[in-house]
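Asks: Below you will find the structure I want to go over with you.
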Ligand SMILES: NC(=O)c1ccc[n+]([C@@H]2O[C@H](COP(=O)([O-])OP(=O)(O)OC[C@H]3O[C@@H](n4cnc5c(N)ncnc54)[C@H](OP(=O)(O)O)[C@@H]3O)[C@@H](O)[C@H]2O)c1
């Protein structure tokens, strides 16, 4: 498959978990410029230290961008302008990005009888609204060719229902349709989706070990996914210049159970 050597990659949600693992694998695969963005400056600093010590020759940048607010479009535009402004302007489009990865998210689960209109809006903000606005801005900040790609993140809830998860599932499943239609609207830039199953990351919070054990016990492979395993799907989608409007599921066989 075509390499991503020398490519420029922005990972929104790149300070921990799956996004951080994508940053590491992209650098290991030869990406020369990687920018990570998240809402928390301390986490950005720590992630940058880790990445820079492992990849001292790459250009690695961190950007603070909290997407949870109503002015999310302005914040995204500022982020894209900052990321592309730090690049060299050698030839025409070399300052633009090759890949934009979106892994930001923090699902909140509420039973259907407890939901309210503000809760529905709030639930979709980071998982659905922000990705659409990223897509709107993408053509201005990405190289307009089929080697470029935009990759979103959904989850196995979009493919297999779980009691109590209707709101999260609604937006997660919507991302499949969004991805397919954006692949048409943003061509020649490719637009794809990754659907992780239970993955051992910081997202699980204080109960991480307990969740890991319980999920592993119930799973087909007897284990949960690691962030590094799931990150391989993003690297594949960056490299496969024939893939667009596609979803890669990396969920340890949960869909078969
Ligand atoms: N882990 C799983 O089991 C699993 C399964 C299926 C799907 N997923 C999905 O995969 C995606 C990545 O999850 P993960 O497990 O890697 O979680 P994670 O380790 O918590 O990473 C989430 C990333 O999103 C960033 N983020 C959160 N709120 C943000 C905001 N308001 N503005 C900007 N950035 C924000 C976080 O950074 P800051 O906190 O610094 O802002 C972090 O970099 C999520 O959408 C999640 O729903 C995860």
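Each reported figure results from applying straightforward, stated rules to the coordinates on display, with no laboratory input. The shown structure was predicted, so the numbers you read here are calculated from the model rather than taken from an experiment. Reconstructed Cβ throughout: ideal geometry from the backbone, glycine too, with neighbour counts over all protein chains shown.
Asks: What tally of residues in the stretch 147-165 results from selecting those that are surrounded by fewer than 20 Cβ atoms within 10 Å (Cβ to Cβ) and within 18 Å of residue 99 (Cα to Cα)?
Replies: Total meeting the criteria: 1.
Asks: Can you report the number of residues in the stretch 21-70 which are within 10 Å of the ligand (Cβ to nearest atom), in a helix (DSSP H, G or I) and more than 16 Å from residue 102 (Cβ to Cβ)?
Replies: The number of residues fulfilling the criteria is 6.
Asks: Filter the stretch 203-257 down to the residues that are closer than 30 Å to residue 3 by Cα and loosely packed, with under 13 Cβ neighbours inside 10 Å and list them by number.
Replies: Matches in the stretch 203-257: 242, 253.
Asks: With the requirement that a residue be part of a helix (DSSP H, G or I) and within 12 Å of the ligand (Cβ to nearest atom), what does the stretch 174-193 give you?
Replies: 175
Asks: Which is in contact with a strand residue (DSSP E or B) (Cβ under 6 Å, 6 or more places away or on another chain) and away from the ligand (no atom under 12 Å from the Cβ), of 141, 119?
Replies: 141
Asks: Output the residues belonging to the stretch 171-189 that are closer than 17 Å to residue 145 by Cβ and surrounded by fewer than 16 Cβ atoms within 10 Å (Cβ to Cβ).
Replies: Hits for the stretch 171-189 are 184, 185, 187, 188.
Asks: Is it fair to say residue 136 is within 12 Å of the ligand (Cβ to nearest atom) and surrounded by fewer than 19 Cβ atoms within 10 Å (Cβ to Cβ)?
Replies: Taking the combined requirement at face value, the residue does not satisfy it.
Asks: When only residues in the stretch 223-232 that are within 11 Å of the ligand (Cβ to nearest atom) and either in a helix (DSSP H, G or I) or out of contact with any strand residue (DSSP E or B) (no Cβ under 8 Å at 6 or more places or on another chain) (or both) count, which is nearest to residue 9 (Cα to Cα)?
Replies: 231
Asks: Quick one: would you say residue 168 is crowded, with 19+ Cβ neighbours inside 10 Å, on the phi < 0 side of the Ramachandran plot, within 11 Å of the ligand (Cβ to nearest atom) and assigned to a strand (DSSP E or B)?
Replies: No.
Asks: Shifting gears a bit: In the stretch 71-86, how many residues are farther than 18 Å from residue 97 by Cβ and crowded, with 16+ Cβ neighbours inside 10 Å?
Replies: Number satisfying all stated conditions: 1.
Asks: All but one of (1) away from the ligand (no atom under 15 Å from the Cβ); (2) touching a helix residue (DSSP H, G or I) at 6+ places or on another chain (Cβ under 9 Å) hold for residue 196; state the number of the condition that does not hold.
Replies: (1)
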